[in-house]
Amino acid sequence: MEVLRWLVPLLALIAIVVVGGRALLSLRSSRRSEQPLICTACGAQTDTPQTKTRGLFAIEIVLWLALVIPGLLYSLWRQTTRQTVCPTCGSATLILANSPDGRKLAARFSGERAEGSEPQSYEPARYTDTFGRFIVRSG
């Protein structure tokens, strides 16, 4: 019973910190980019890229509830592997649209769209691994 006296408030504090941190990070990730970006995979231009975090939030919660140190390490790993991705195709190959390479890509993709009547929709190729999980490959 003595353990429950400090364990329950500790778990409640950890849950508040994790949920609050996730809420703050989601607010931060919805901000507009200072400069427009272009995707090298699909040619989409955006000023509001999405962020993608590796790992699962459910695993993070389980590790925090089981032990504090593994939960902390997993949370740090998830936050350090966060990537800015294209909202159209999900590729992490965004570059500045105002850069020389970005202007070349914009000209190339606008030329391809001018030849066709409508922009082609992006459909990634799907493969399965040995366990039957889908692997999405762009290109």
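What follows is calculated from the coordinates using simple rules that are stated; it is not laboratory data. From a predicted model like this one, the values you see are computed outputs, not experimental measurements. A quick note on method: Cβ atoms are made from the backbone with ideal geometry, for glycine too, and the neighbour counts reach across all protein chains shown.
Once the other residues with Cβ under 15 Å from the Cβ of LEU73 are scored (Lys, Arg +1; Asp, Glu -1), what is the net sum?
That sum, taken over residues with Cβ under 15 Å, equals +1.
Around THR51, which amide H atoms from residues at least 5 apart in sequence, or from another chain, sit under 5 Å from its own amide H, with H modelled in the peptide plane?
Excluding prolines and chain starts, which carry no amide H, the hits are VAL85.
Please give, to one decimal in nm, the separation of the simple spin-label points placed at VAL8 and ASP47, each 7 Å out from Cα toward the Cβ.
Inter-label distance under the simple model: 5.1 nm.
Along the Cα→Cβ direction, 7 angstrom out, place labels at GLN79 and ARG103. What is the inter-label distance in nm?
Output for this residue pair reads 3.9 nm.
Please give the length that would be gained between ILE69 and LEU24 if that part of the chain were fully extended, namely 0.36 nm times their separation in residues minus their C-alpha to C-alpha distance (nm, one decimal).
Roughly 14.0 nm would be gained on extension.
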